[in-house]
Amino acid sequence: MVGFSGSRQWIYVQSIEGKFTTIRRWTFLALHVVLFVLPWIKISGNPALLFDLQARQLFILGAVFTAADTIFLLIILLFATFTLFFVTSLFGRLWCGYACPQTVFLEAWIRPIETWIEGDRSRRLHRERMGVSFGLIWRKAAKWFAFLGVAFALSMALMSYFAGARDLWSFNGGRVEYSLVAIFTLAWFFDFAWFREQFCTYLCPYARFQGALTDNETIQISYLPDRGEPRGGKEAAADGRCIDCGKCVVVCPAGIDIRNGFQLECIACARCIDACVSVMDKLEHPTLVDYTSVVAMEGRKPKSIRARTLVYGAMLGGLMVVGAAMVWGRVPFEATVNRAPGSLYIIDADGLVRNTYFLKITNNNAGGEPVVYRVRIEGLIDAEVTSQDMELAARESRTVPLILRVRLSDDLLRTIPIQVYVTSPDGELVVDATFKTGAEIGTATTAR
């Protein structure tokens, strides 16, 4: 195959069927439904999931989160991280083999297309050895054209989460959105046509730090040397040992030999298990490649509960409690109070000192009836409050003046802390502010 580097070692993967291959196909289908269908679903008139970067809003299943809710994004990222750590400590690289986009797209799209156009491993190897020919050229051209189409579709689906599926797919999006689609398309095409497993081996950091997340108790895909060695010969077939057929090697998308022990390149896709099962079943012997652990191979029972799993589990539990408490206490609106520019205070003709603010309220409800918001002040005694109740529709934002006046007295502080309470049927927010009086510094000892 023509590549961009003469040192590129191409991997021709043999097709395989089996239990784990079937499980992965169902997993891939579910992930594709999320990728392609979720952006089209609307809840309360808004997308089920949309990252509106321009408006700095995030829509999740009917709820709207803004820049003020960034802490929730942090909690979600931490939860996802420690979930990955927890699962890896128990079962190894399940993410890589069953849910990583690199694996999903290669296995669900690229390899089937390649097999359909060029044939299975043996035919492709035969054509490569025959050298350049018309059949080789047109098949590769057709394959690359199909890869480009897949890359474009995936890029459009990904961008639907940021630009809106309906606008993007009807080609009513903006220039920036389609420019990003073009960039992602080229990046995916480069990956599909040439880079492939090198991403997992050289770029993905997970392959490098997974060794720190696993131990001898971790269940991983392993070759069972106590039953498989020595290899080869009719006696091996009769005894249930490895017959050295090499099928576990030719089906591996990383191009490794699982019989050489644990390797960082292994993505835990379990294709080698299906391959060994397909051979050993015919010989009426159990598979020599399976999910197991170092402890199990030594004849001991692996422990699911151990120090690292307890730590990761505790972190997950803590994040769940914190996240649930924050969601429970969250109110679906925002309020800010800013002093009107130009003056700190004004003494009116009637002797009252006046402070003017701008009160901004944003209704973050994704849908439903308009909401009425009311304002009250604490921290000022006998203050005159000039404000107005606001009725805001879903996702509406409005700014109104808020005027506070108090009578001058000798015991007023120069700066008085106050609290602005904004209430609605959905909850209450407290915004801290200050009231300026113009009193001389050090003349007052108590606040009213």
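The values are calculated or read from the model by the stated rules, or taken from the named source; none is laboratory data. Keep in mind the model is a prediction, meaning the values are calculated, not measured. Here the Cβ positions follow ideal geometry from the backbone for every residue, glycine too, while neighbour counts run over all protein chains shown.
Points worth noting:
Residues are listed down the side, and each one gets a yes or a no for (1) assigned by TED's automatic domain parsing to the domain that holds Glu217; (2) over 23 Å from Met326 (Cβ atoms); (3) assigned to a helix (DSSP H, G or I):
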{"site": "Thr21", "(1), (2), (3)": "yes, yes, yes"}
{"site": "Val34", "(1), (2), (3)": "yes, yes, yes"}
{"site": "Ala55", "(1), (2), (3)": "yes, no, no"}
{"site": "Leu74", "(1), (2), (3)": "yes, no, yes"}
{"site": "Leu77", "(1), (2), (3)": "yes, no, yes"}
{"site": "Val87", "(1), (2), (3)": "yes, yes, yes"}
{"site": "Phe105", "(1), (2), (3)": "yes, yes, yes"}
{"site": "Trp109", "(1), (2), (3)": "yes, yes, yes"}
{"site": "Glu114", "(1), (2), (3)": "yes, yes, yes"}
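- Total residues in the range 243-259, condition more than 19 Å from Tyr98 (Cα to Cα) and either modelled with pLDDT under 90 or assigned to a loop (DSSP other than H, G, I, E, B) (or both): 5
- Among the candidates Gly233, Gly240, residue that is at pLDDT 90 or above, surrounded by fewer than 20 Cβ atoms within 10 Å (Cβ to Cβ) and within 30 Å of Asp120 (Cα to Cα): Gly240
- Selection from the range 149-181 of residues that are in contact (Cβ under 8 Å) with a residue 24 or more places away in the chain, small (Gly, Ala, Ser) and part of a helix (DSSP H, G or I): Ala151, Ser155, Ala157, Ser160, Ala165
- Screening the range 265-342 for helices (runs of 4 or more DSSP H) wholly inside it with 1 or more residues that are out of contact with any Phe, Trp or Tyr (no Cβ under 8 Å at 6 or more places or on another chain) and loosely packed, with under 14 Cβ neighbours inside 10 Å returns the ranges 307-329.
- Restricting the range 95-109 to residues that are over 16 Å from the mean Cα position of the chain (by Cα) and of a type outside the set (Phe, Trp, Tyr) leaves a set whose member that is surrounded by the most Cβ atoms within 10 Å (Cβ to Cβ) is Gly97.
- Qualifying residue in the range 364-384 (condition: farther than 21 Å from Pro341 by Cα, surrounded by 14 or more Cβ atoms within 10 Å (Cβ to Cβ) and in contact with a helix residue (DSSP H, G or I) (Cβ under 9 Å, 6 or more places away or on another chain)): yes
- Restricting the range 134-170 to residues that are surrounded by 12 or more Cβ atoms within 10 Å (Cβ to Cβ) and hydroxyl-bearing (Ser, Thr, Tyr), the residue that is nearest to Phe59 (Cα to Cα): Tyr161
- Every residue from the range 346-363 that is surrounded by fewer than 18 Cβ atoms within 10 Å (Cβ to Cβ) and among the aromatic types (Phe, Trp, Tyr): Phe358
- Among the candidates Leu392, Leu413, residue that is modelled with pLDDT of 85 or more, surrounded by 16 or more Cβ atoms within 10 Å (Cβ to Cβ) and within 18 Å of Ile346 (Cα to Cα): Leu413
- If you filter the range 373-407 down to residues that are in contact with a Leu (Cβ under 7 Å, 6 or more places away or on another chain) and part of a loop (DSSP other than H, G, I, E, B), you find that the one that is nearest to Val64 (Cα to Cα) is Ser387.
- Pair list, Cβ < 9 Å and 6+ apart or interchain, from the range 68-87 residues that are over 21 Å from Thr362 (Cβ atoms) to residues that are among the small types (Gly, Ala, Ser): Ile75/Gly323; Ile76/Gly323; Phe79/Gly323; Phe82/Gly313; Phe86/Gly313
- Residue match in the range 135-145 (condition: farther than 19 Å from Leu31 by Cα and modelled with pLDDT under 90): yes
- Among the candidates Leu213, Leu186, Leu180, Leu203, the residue that is farther than 30 Å from Gly45 by Cα and at pLDDT 95 or above is uniquely Leu186.
- Criterion applied to Gly119, Gly131 was being surrounded by 14 or more Cβ atoms within 10 Å (Cβ to Cβ) and at pLDDT below 95, and the one residue passing it is Gly119.
- For the range 52-94, filtering for residues that are among the hydroxyl-bearing types (Ser, Thr, Tyr) and within 26 Å of Phe28 (Cα to Cα) leaves 4.
- Hey, Gly173 buried (at least 18 other Cβ atoms within 10 Å of the Cβ) and either at pLDDT 95 or above or under 30 Å from Phe59 (Cβ atoms) (or both) or not: yes
- Enumeration of residues in the range 273-288 that are touching a residue at least 40 places away in the same chain (Cβ under 8 Å) and over 24 Å from Asp215 (Cα atoms): Asp274, Ala275, Val277, Ser278, Met280, Leu283, His285, Pro286
- Restricting attention to the range 191-242, the residues that are outside any helix (DSSP H, G or I) and under 30 Å from Phe147 (Cα atoms) total 3.
- Qualifying position, being free of Cβ contacts under 8 Å to residues at least 12 places away in the same chain, closer than 19 Å to Ser89 by Cα and of a type in the set (Gly, Ala, Ser), among Ala270, Ala207, Ala212: Ala212
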